[in-house]
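What follows draws every value from the coordinates through simple rules; no lab data is involved. All values reported here derive from a predicted model rather than from experimental measurement. In this analysis, Cβ positions are derived from the backbone assuming ideal geometry, glycine residues included, and neighbour counts consider all displayed protein chains.
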Amino acid sequence: MKVAVFCPNLIGDTVMATPTFRALKNGLDRASLTAVIRPHVAPTLDGCRWFDDVILFDHRSSNRSNRTLAVVGRLRRERFDLAVLLPNSYRSALVARLAGIPRRLGYQRHGRGVLLTDVLHHPVDAGGQRLPAPIVETYLKLARYLGCPVESTRLELATTPADEAAADRAWADLGLAGLDPVVCLNTGGAFGPAKNWPVEHFAALARRLADEAGARVLVVCGPSERENARAIVAAAGHDRVVSLAERELSIGLTRACIRRATLLITTDSGPRHFAAAFGTPVISLFGPTHIAWTRSQHPLAWHVRHPVPCGPCQRPVCPKGHHLCMKDLSPESVHAVARRVLAKSATYS
């Protein structure tokens with residue numbers, strides 16, 4: 001059997017889908033699995049062995065071979081038997097239907113049920129509003145529907161030799177290769193600016209970790225976050241606080257850095273789930289997003305938030321313009337949690 005697995009559109013969601021990928025690979029006997037995935041998300045799964053092939057799909061891509069008509073044509077030529085649709089988008093269901101895939105499994109959303117042959121439904125309240133539920137479990141219901149045993153909900157990733165070599169160079173060049181604990185800070189997220197914690201808060205936290213913990217602090221970043229990373233280092237004004245901003249950036253480098261870190265402190269974004277996949281302790285800073293959507297069973301995860309009457313609003317931009325859920329989340333409160341976490345690791349002096 002040939003199975004096209006339409007992967008989530010965001011990096012963090014893709015990591016939360018890894019238990020489902022594992023269940024499909026182990027549960028669909030002798031099936032060939034192909035990932036249909038966005039080009040910028042695909043490197044997240046480098047080194048993992050669940051998929052026999054990859055089809056890059058982005059309807060807005062500058063590469064015509066990744067656009068809708070080309071992907072529909074390839075799927076049709078390769079004659080898939082089953083499409084498993086993890087995204088809730090209408091477009092993913094339409095592509096599977098146009099490709100002539102005879103069996104199409106996914107959730108009813110955005111009126112796409114008519115395009116599916118096997119339909120699951122999200123839980124809703126009395127008013128028909130979707131109830132918060134862990135995305136990990138939502139994805140796994142698709143695998144269970146197909147009769148695949150779920151042995152674990154553990155998130156899983158790998159690093160490649162190239163990833164580790166890049167991290168080795170960064171560790172050496174930035175003075176991280178000693179015995180001191182290394183705390184990674186991650187500032188960004190594709191969801192929108194409402195998730196961002198102020199640069200000055202990150203800088204104050206970094207300075208306290210360096211001064212009081214004797215930690216080395218590494219600010220990780222993506223290409224669009226270089227300036228924030230530079231600003232945190234400049235505002236911290238401490239020789240133990242450094243960043244990846246001047247290096248050649250990649251998802252693989254970020255994965256490898258988080259894998260070897262003592263602790264990650266992050267906004268509610270993709271790298272938070274890298275930590276869970278590698279067993280790295282992680283403190284996640286929550287503001288506009290509901291913790292229930294992205295909760296995993298990582299035993300070394302701590303969630304910090306500042307409650308506000310208007311939250312969590314699940315909006316990418318603060319609808320009231322004050323952003324108090326993140327601005328009023330103080331560096332002192334985050335440092336207090338970090339101190340306890342590092343003490344458990346016997347690294348806080």
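The table that follows gives values for the structure above.
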{"item": "Low-density loop cleavage sites - GluC sites (Glu not before Pro) in segment 120-182, where at most 13 other Cβ are within 10 Å (DSSP)", "result": "151"}
{"item": "Mean ellipticity per residue at 222 nm, deg cm²/dmol - from DSSP H runs of n ≥ 4 across the chain, formula -39500 (n - 2.57)", "result": "-10500 deg cm²/dmol"}
{"item": "Highest average packing first - 246-252, 22-28, 63-69, Cβ atoms within 10 Å", "result": "22-28, 246-252, 63-69"}
{"item": "Compactness of segment 12-93 - radius of gyration and Dmax, Cα, Å", "result": "12.7, 37"}
{"item": "Those lysines that a straight Cα-Cα span of less than 19 Å connects to residue 195, excepting residues fewer than 8 apart in one chain", "result": "320, 327"}
{"item": "Overall form of segment 209-349 per C-alpha gyration tensor (a/c, 1.5; a/b vs b/c)", "result": "rounded"}
{"item": "Separation of alpha-carbon centers, segment 285-319 and segment 143-188, rounded to whole Å", "result": "22"}
{"item": "P(r) weight above 22 Å for segment 139-285, C-alpha pairs, percent", "result": "39"}
{"item": "In sequence order, calculated HN-Hα J values of segment 112-120 (Karplus, 6.51, -1.76, 1.60; Hz; x Gly/Pro)", "result": "8, x, 5, 8, 9, 9, 10, 10, 10"}
{"item": "Calculated FRET efficiency for the pair residue 320/residue 46, C-beta based, R₀ 41 Å, to 0.05", "result": "0.55"}
{"item": "Sparse-neighbour loop sites [trypsin sites (Lys or Arg not before Pro); segment 136-213; at most 16 other C-beta within 10 Å; DSSP]", "result": "154"}
{"item": "Vicinal HN-Hα couplings computed from phi for segment 226-242 (Karplus, 6.51 cos²θ - 1.76 cosθ + 1.60; Hz; Gly/Pro x)", "result": "4, 5, 4, 4, 4, 5, 5, 4, 5, 6, 5, x, 9, 5, 8, 10, 9"}
{"item": "Cβ-defined net charge surrounding residue 19, 12 Å radius [Lys, Arg +1; Asp, Glu -1]", "result": "+2"}
{"item": "Residue 303 long-range amide H proximity, modeled H, under 5 Å", "result": "284"}
{"item": "Karplus-derived 3J(HN,Hα), 6.51/-1.76/1.60, for each residue of segment 143-157, Hz, glycine and proline x", "result": "5, 5, 4, 7, x, 7, x, 10, 7, 7, 9, 5, 6, 8, 9"}
{"item": "Options 34, 7, 71, ranked by Cα towards positive dipole end of segment 1-114, top entry (Cβ charges)", "result": "71"}
{"item": "Reach of residue 25 by Cα under 20 Å, taken over lysines that are not fewer than 8 positions away in the same chain", "result": "2, 141"}
{"item": "Three-way shape call for segment 216-265 based on the alpha-carbon gyration tensor, with the a/c threshold at 1.5", "result": "oblate"}
{"item": "Prolate/oblate/rounded call for segment 106-156, Cα gyration tensor, a/c under 1.5 rounded", "result": "oblate"}
{"item": "About the Cα centre, charge dipole magnitude for the chain (Lys/Arg +1, Asp/Glu -1 at Cβ), debye", "result": "1140"}
{"item": "Dmax and Rg, reported as Rg then Dmax, of the chain (C-alpha, Å)", "result": "20.9, 62"}
{"item": "Beta bridges by DSSP in segment 2-145, antiparallel share as percent, to the nearest 5", "result": "5"}
{"item": "Binned Cα-Cα distance frequencies in segment 168-231 - 10 Å width, integer %", "result": "20, 49, 27, 4"}
{"item": "Most mobile of 294, 160, 34 in a GNM of the chain (Cα contacts under 10 Å)", "result": "160"}
{"item": "Net charge contributed by nearby residues that have their C-beta within less than 15 Å of residue 297 (K/R +1, D/E -1)", "result": "+1"}
{"item": "Sorted largest first, extent of segment 2-145 alpha carbons per principal axis (Å)", "result": "44, 30, 29"}
